[in-house]
Amino acid sequence: MERMIEVNLLTKRYGGTTAVRELTFAVRPGRVTGFLGPNGAGKSTTLRMVLGLDAPTSGTATVSGSPFRDRARGLRHVGALLDAGQVHGGRTAAAHLGALARSNRIPRARVDEVLEEVGLAGAARRRTGGFSLGMRQRLGIAAALLGDPPVLVFDEPLNGLDPEGVQWVRGLFRGLAAEGRTVFVSSHLMSEMEHTADHLVVIGRGELIAAESLAEFAARGTGAGAGVTVRTPQPAELTLALRAEGATVRPDSDRADAALAVTGLDAARIGALAHRHGVPLLELTPRSASLEAAFMELTSGSVEFPAGDAR
């Protein structure tokens, strides 16, 4: 229970609309847990209930065994970034963090430490109204780190960051998890979750779809990109032979060369089939399942406004 987020039968209704329905999952320390779902799935509502900003209609959301709103000096227990824009534009970065530090009885020296950690030491005396979105994101991350908390929650922390910033955040989250902290990250960027998260909580229309490792979730998608990349000087002959055995063959859209993407047969069977037909192979590489393709497949029934929907 220590350092863990626990959600049990969590439900939130707004009039006749149910935004979150009987969600149950746990976010454990020592790993980065990605929180995924289509737009309107209820991710932000769930995070607000975890942080005590919204009251659930029923069910519970606790951090280390207690509701977060019951904890005094909350930044020492949970650091959170929900909206990087919620900063008074007339304050400097240092003044903004200083006010948070005073209200949570955090030493003033910690402000300089976190500004240095997020790369904003040189902008400490600048007013935040002139910050770019990426700089505001870094400031929000600094605020989350201010109390050196064991539990961290981030909602879309990569918005506005340049490639260097994205790489930095990826390393930061993994480093925090390696220290034994609980790291819960909501994001719509599948490629980043694929490189960052160890575990996933996936919801759609307010209901739980999956709570499992990234690899387990990706493997659940039947069309999730798993298969074999094949390169041969005789693609037409090999394609005919593979399709005769029931395989699906198409050009590999991820490659600039003439490689083929084959599904329905494993690498060993493809190699044996090529040998039997006298077709030389230049490459035979198993492909791992794609998180993005699995996500699209497994949440297809939970998309609020599908592309092409005329409503």
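In the range 94-105 there is no residue that is assigned to a helix (DSSP H, G or I), within 22 Å of the chain's Cα centre (by Cα) and either among the hydroxyl-bearing types (Ser, Thr, Tyr) or exposed (fewer than 14 other Cβ atoms within 10 Å of the Cβ) (or both).
Residue-by-condition table, conditions (1) closer than 24 Å to residue 181 by Cβ; (2) free of Cβ contacts under 8 Å to residues at least 12 places away in the same chain; (3) charged (D, E, K, R):
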| site | (1), (2), (3) |
| --- | --- |
| 4 | yes, no, no |
| 19 | no, no, no |
| 48 | yes, no, yes |
| 56 | no, no, no |
| 75 | yes, no, no |
| 90 | no, no, no |
| 93 | yes, no, no |
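For the range 120-138, a residue qualifies if it is surrounded by fewer than 16 Cβ atoms within 10 Å (Cβ to Cβ) and within 14 Å of residue 162 (Cβ to Cβ), and the qualifying residues are 132, 133. Identify, from the list 236, 247, the residue that is at pLDDT 80 or above, surrounded by 14 or more Cβ atoms within 10 Å (Cβ to Cβ) and hydrophobic (A, V, I, L, M, F, W, C). Being at pLDDT 80 or above, surrounded by 14 or more Cβ atoms within 10 Å (Cβ to Cβ) and hydrophobic (A, V, I, L, M, F, W, C) holds for just one of 236, 247, which is 247.
Can you say whether residue 134 is in contact (Cβ under 8 Å) with a residue 12 or more places away in the chain and either farther than 30 Å from residue 65 by Cβ or in a helix (DSSP H, G or I) (or both), as far as the supplied structure shows? Judged against the criteria, residue 134 is a match.
Residues are listed down the side, and each one gets a yes or a no for (1) modelled with pLDDT of 95 or more; (2) under 19 Å from residue 77 (Cα atoms); (3) outside the structural domain of residue 157 (by TED's automatic domain parsing); (4) of a type in the set (S, T, N, Q):
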site	(1), (2), (3), (4)
92	yes, no, no, yes
99	yes, yes, no, no
103	no, yes, no, yes
111	yes, yes, no, no
116	yes, no, no, no
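If you filter the range 139-171 down to residues that are surrounded by fewer than 21 Cβ atoms within 10 Å (Cβ to Cβ) and of a type in the set (Asp, Glu), you find that the one that is modelled with the highest pLDDT is 148. Scanning the range 1-23 for residues that are among the aliphatic types (A, V, I, L, M) and assigned to a loop (DSSP other than H, G, I, E, B), we see that the one that is nearest to residue 205 (Cα to Cα) is 4. Of all the listed residues (58, 66), the sole one being loosely packed, with under 15 Cβ neighbours inside 10 Å, over 19 Å from residue 151 (Cβ atoms), assigned by TED's automatic domain parsing to the domain that holds residue 101 and of a type in the set (Ser, Thr, Tyr) is 58.
The values are calculated or read from the model by the stated rules, or taken from the named source; none is laboratory data. Since this is a predicted model, take the numbers as computed values, not measurements. Note that we place each Cβ from the backbone using ideal geometry, even for glycine, and neighbour counts take in every protein chain shown.
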